[in-house]
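Take a look at the structure set out below.
The values are calculated or read from the model by the stated rules, or taken from the named source; none is laboratory data. The shown structure was predicted, so the numbers you read here are calculated from the model rather than taken from an experiment. Every residue, glycine as well, gets a Cβ built from its backbone with ideal geometry; the counts of neighbours run over all protein chains shown.
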Amino acid sequence: MDKKVGFYGGKFLPLHNGHIYSILYSARKCDELHVFLFYNTFEEKKKIEESVFPKKLLTPQTRELALKAEFKNCSNIKIHSIDSEKCFNNTNDNENIRWDSESKEVIKIVGCEPNIVFSSEPEYEEFFKKSYPNAEIVVIDAKRKLFDISATEIRKNGEMKCWEHLSKAYKVLAGKSIVLFGEAALKRKIVTDLTKLYQTTCVEMYNANAEKLKNELLKARYNSNKIFFINADENNIKDFEEFYKEQDLCIFFENEKYSEILKNIKCKKISSENTFEECIKNINKLLL
């Protein structure tokens, strides 16, 4: 019996569970599935510029990383990336020419014409029939009954509102980091309670060094639930000042002792008696 070779392509801006379902479905229908990430397509720049979803997470490198991470244990799924700008002359407005160029490059990389072409976009069926005349064209969940989501919706609404649809790789990258500064005893209780409330994780900066911090951050991001906390060590703020500046939100339980050393770090200062409630209000703003 001839080997069934499948093709599934997309921009994956970003990768979501609708894509994941389509790829897994496709892989079950053939012996070998070739998944192609097409980047630098003619409309990509505009889509990224208009995106509410973090633009830094829509780079070709990040999209490829997400695909490879998600399917690394799937032996019959092969991931490829193609720079459309280099290969397909995207200045040409003739869509038929672009599709013809794409199909030739796909066949070249795969080593043969795919037997089956999979897509979740019914409007592409006509182009696929022309580009792969000998292939069976399979449209998957066209009405999105199983996963009612699109990359367009995620880019429009952002990562927090569409969190449940993101791939695990994107959840690891998109989780918001919240640093807490202040008097140790007060802060310890609040950090513990916030971690419990948001069902997430916390990175301890006490006795931290660069290597340990890298490992702890990766672990925290992998196990986080939209956000994770960083319990700062006020004794080594200068050593990690640039690191703190890079985080999504810094909260300072106002204290004269630390005001001077925190002057270079943009913090939300909280001095009211309702410290716990004020923290929650500021954190929830990140989740909108």
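Cβ-Cβ distances below 8 Å connect the following pairs, each with a first residue in region 133-147 that is under 15 Å from TYR25 (Cα atoms), a second residue that is of a type in the set (Ser, Thr, Tyr) and assigned to a loop (DSSP other than H, G, I, E, B), and a separation of six or more residues or different chains: VAL139/SER120; ILE140/SER120; ASP141/SER120; ALA142/SER120; ARG144/SER120; ARG144/SER150.
From the list ALA208, ALA220, the lone residue that is under 22 Å from LYS56 (Cβ atoms) and either surrounded by 14 or more Cβ atoms within 10 Å (Cβ to Cβ) or out of contact with any Cys (no Cβ under 9 Å at 6 or more places or on another chain) (or both) is ALA220.
Collect the residues in region 106-122 that are aliphatic (A, V, I, L, M) and surrounded by fewer than 21 Cβ atoms within 10 Å (Cβ to Cβ), keeping them in residue-number order. Scanning region 106-122 gives ILE107, ILE109, VAL110, ILE116. Screening LYS168, LYS161, LYS145 for residues that are more than 22 Å from ILE77 (Cβ to Cβ), under 14 Å from the mean Cα position of the chain (by Cα) and not hydroxyl-bearing (Ser, Thr, Tyr) leaves exactly one candidate, LYS161.
Checked against the criterion of being surrounded by 14 or more Cβ atoms within 10 Å (Cβ to Cβ), of a type in the set (Ser, Thr, Tyr), modelled with pLDDT of 95 or more and assigned by TED's automatic domain parsing to the domain that holds ILE149, region 83-105 contains not a single residue that satisfies it.
Every residue, every condition in (1) at pLDDT 90 or above; (2) over 19 Å from ILE251 (Cα atoms), yes or no:
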{"position": "THR200", "(1), (2)": "yes, no"}
{"position": "GLU204", "(1), (2)": "yes, no"}
{"position": "ALA208", "(1), (2)": "no, yes"}
{"position": "LYS219", "(1), (2)": "yes, yes"}
{"position": "TYR222", "(1), (2)": "yes, yes"}
{"position": "LYS226", "(1), (2)": "yes, no"}
{"position": "PHE240", "(1), (2)": "yes, no"}
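So is GLU234 buried (at least 16 other Cβ atoms within 10 Å of the Cβ), over 29 Å from the mean Cα position of the chain (by Cα) and farther than 14 Å from ALA184 by Cβ or not? For GLU234, the condition - buried (at least 16 other Cβ atoms within 10 Å of the Cβ), over 29 Å from the mean Cα position of the chain (by Cα) and farther than 14 Å from ALA184 by Cβ - is not met.
When HIS34 is tested against the conditions (1) in a strand (DSSP E or B); (2) modelled with pLDDT under 95, the lone failure is (2).
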